[in-house]
């Protein structure tokens, strides 16, 4: 049975391009298009699409406001179509927080100029979204960060990898850690321009300091370093000091930054002095690196199927034997503290 998609965009040109891309795949059917949120609401009630492809900037009601209401009253998998500029990144992160499954970048110039770039990404993300179990979102304020502290600091390293659904999963994990938790290094699959605003958002919510990593940054208790978009991040050591090295290079496991690259370096450099965590995400990036960490003596945790937006990366890691303990998202911060 074909995946039934509703396209919501105020631009007639964008709607035509998105329809052309989606209908090029025989497993996808565009059941309708809508120029604004109010038309979209009626179409969703009438047609019950499997996935909604939603623009951010629209007249009468913006995409974020519509998304929040949709997730509260009529939850359905949503893929945002958003600009990859700095402002677009902040808006997209807000959309992911509101319940969007994933996003696809709109070209900076005319949308026709980026059709081929968009095609493969859009098709794969629509297919992935159709398999996601979305949950009803309550219109309520965010939980507070953990303000307690560990009895004593530790020189252990915490390495975390995530992809689809990871922005919110990471927030939940990091908000559960105290201000003097182990120095933490994170790879979240994101394009350039996104990781800076993402780190700023987490920094405003978490007890730990969170920032986008720079080459040579030390890994210290109470600090979270996020790998910058489109760059690999690895761990290095000089005496007793652990630090990160940022570099380019080919994509690994289909990604740059790659979780496998990070975890493999942690296994080699830190071994039993590290904790590895793999969260929700599509594909298998990080699984082999996490196995290397476990074989080197690291403690390893994985998010369980029931709490994942996409049970891909954790499943591959679990099937390889890389995961020591598999936990629901709400228990991972506790599991990390128990592993120190």
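Quick notes on this structure:
- Any hit, the stretch 8-23, residues being crowded, with 23+ Cβ neighbours inside 10 Å and either without any contact (Cβ under 8 Å) to a residue 40 or more places away in the chain or assigned to a strand (DSSP E or B) (or both): yes
- Given (1) in contact (Cβ under 8 Å) with a residue 60 or more places away in the chain; (2) more than 17 Å from residue 182 (Cα to Cα), number of the condition residue 275 does not satisfy: (2)
- Qualifying residue in the stretch 206-222 (condition: in a helix (DSSP H, G or I) and within 22 Å of the chain's Cα centre (by Cα)): no
- Within the stretch 223-234, the set of residues being in a loop (DSSP other than H, G, I, E, B) and over 15 Å from residue 174 (Cβ atoms) comprises 228, 229, 230, 231.
- Test: residue in the stretch 240-250 that is at pLDDT 95 or above, assigned by TED's automatic domain parsing to the domain that holds residue 164 and touching a helix residue (DSSP H, G or I) at 6+ places or on another chain (Cβ under 6 Å): no
- Boolean, residue 186 is over 18 Å from residue 90 (Cα atoms), buried (at least 23 other Cβ atoms within 10 Å of the Cβ) and within 13 Å of the chain's Cα centre (by Cα): yes
- Candidates 33, 27, filtered to the one that is in the same structural domain as residue 119 (by TED's automatic domain parsing), crowded, with 17+ Cβ neighbours inside 10 Å and farther than 18 Å from residue 116 by Cα: 33
- Residue in the stretch 262-273 that is assigned by TED's automatic domain parsing to the domain that holds residue 191 and closer than 19 Å to residue 167 by Cβ present: yes
- Candidate set: the stretch 235-277, residues that are part of a strand (DSSP E or B) and within 19 Å of the chain's Cα centre (by Cα); chosen: the one surrounded by the fewest Cβ atoms within 10 Å (Cβ to Cβ): 252
- Taken over the stretch 301-327, the criterion of being under 22 Å from residue 338 (Cβ atoms) and either surrounded by fewer than 24 Cβ atoms within 10 Å (Cβ to Cβ) or not assigned by TED's automatic domain parsing to the domain that holds residue 189 (or both) is satisfied by 304, 305, 306, 307, 318, 321, 324, 325, 326, 327.
- Residue check, residue 185 part of a strand (DSSP E or B), modelled with pLDDT of 95 or more and within 20 Å of residue 283 (Cα to Cα): no
- Annotation: residue 60 fulfils all but one of (1) within 18 Å of the chain's Cα centre (by Cα); (2) modelled with pLDDT under 95; the unmet one is (1).
- Answer residue from the stretch 63-84, given it is under 24 Å from residue 1 (Cβ atoms) and surrounded by fewer than 20 Cβ atoms within 10 Å (Cβ to Cβ) and is farthest from the chain's Cα centre (by Cα) among those: 74
- Among the criteria (1) at pLDDT 95 or above; (2) out of contact with any helix residue (DSSP H, G or I) (no Cβ under 9 Å at 6 or more places or on another chain), the one residue 121 does not fulfil is (1).
- Index of the failed condition, residue 41 passing every other in (1) without any contact (Cβ under 8 Å) to a residue 40 or more places away in the chain; (2) surrounded by 15 or more Cβ atoms within 10 Å (Cβ to Cβ); (3) out of contact with any helix residue (DSSP H, G or I) (no Cβ under 9 Å at 6 or more places or on another chain): (3)
- Within the stretch 207-218, considering residues that are in contact with a strand residue (DSSP E or B) (Cβ under 7 Å, 6 or more places away or on another chain) and within 14 Å of residue 179 (Cβ to Cβ), the one surrounded by the fewest Cβ atoms within 10 Å (Cβ to Cβ): 209
The values are calculated or read from the model by the stated rules, or taken from the named source; none is laboratory data. All of these numbers come straight from a predicted model, not from anything done at the bench. Glycine also receives a Cβ, built like all others from the backbone with ideal geometry; neighbour counts cover every protein chain displayed.
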